[in-house]
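Each remark here refers to the structure printed beneath this line.
The values are calculated or read from the model by the stated rules, or taken from the named source; none is laboratory data. Note that this is a predicted model, so its numbers are computed, not measured. Heads up, the Cβs are rebuilt from the backbone with ideal geometry, glycines too, and the neighbour counts pull from every protein chain shown. When the accessible area is computed, the model is the full protein with side chains, heavy atoms only, and any ligands, DNA or RNA have been set aside. Shrake-Rupley method; radii C 1.70, N 1.55, O 1.52, S 1.80 Å.
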Amino acid sequence: MGLIDRLLGRRGDRATAALYAAIVARARAPHWYIEGGVPDSVDGRFDMVAAILTMVLLRLESDPAAALPSTQLAERFVDDMDGQLRELGIGDVVVGKHIGRMMSMLGGRLGAYRTGLAEGDLGPALVRNLYRDNAPAAAALTHTRDQLVVLRTALDAQPTAALLAGQLP
């Protein structure tokens, strides 16, 4: 059971464990960092996990029955980030501030990627959020944009039950 679960007195959520593990595994795929030019750093890996997580959360928004699992998935992300920060040596006093910033960043990405997808141009949102305003080479941006759009489209076709079982398309 993670810190957030313990603090809130929850038993822990096993339902989203497989899905979150699949999201992290997808975000760690080398092509994001090689062909996609995402910085292979702590920040770059956070940004990539947040990008994949955002695509999944946007998909779950479309299914009212997925509201609770969606919330649990976001909580799992917070718990994971809490653990990652502690592993990096960030102490109790400032972990909360870092987590607050990370959740704000995730919320911002949800809005920016939702808008970018709706407008048919995810590129500017990726430059701002994934690449932190350091535009990569055009081919790298195209690779990342196209792969995320393909993922988002495939997620739309994926049944919610399969998705919640950790089956990313």
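Tabulated results
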quantity	calculated
Pick from the range 13-38, criterion open to solvent by less than 60 Å² (accessible area, probe 1.4 Å) and in a loop (DSSP other than H, G, I, E, B), ranking: farthest from R132 (Cα to Cα)	D13
Matching residues, the range 117-150, being in a loop (DSSP other than H, G, I, E, B) and either touching a Phe, Trp or Tyr at 6+ places or on another chain (Cβ under 6 Å) or surrounded by 14 or more Cβ atoms within 10 Å (Cβ to Cβ) (or both)	L122, L130, Y131, A135, P136
Among the residues listed as A118, A161, A138, A154, the single one being at pLDDT 80 or above and under 20 Å from G37 (Cα atoms)	A138
Hey, A50 within 28 Å of A161 (Cβ to Cβ), modelled with pLDDT under 95, open to solvent by less than 70 Å² (accessible area, probe 1.4 Å) and in a helix (DSSP H, G or I) or not	yes
Residues (open to solvent by less than 30 Å² (accessible area, probe 1.4 Å) and touching a residue at least 40 places away in the same chain (Cβ under 8 Å)) located in the range 106-116	L106, R109, Y113
Matching residues in the range 141-166 - criterion: being small (G, A, S) and closer than 19 Å to T54 by Cβ	A154, A157, G166
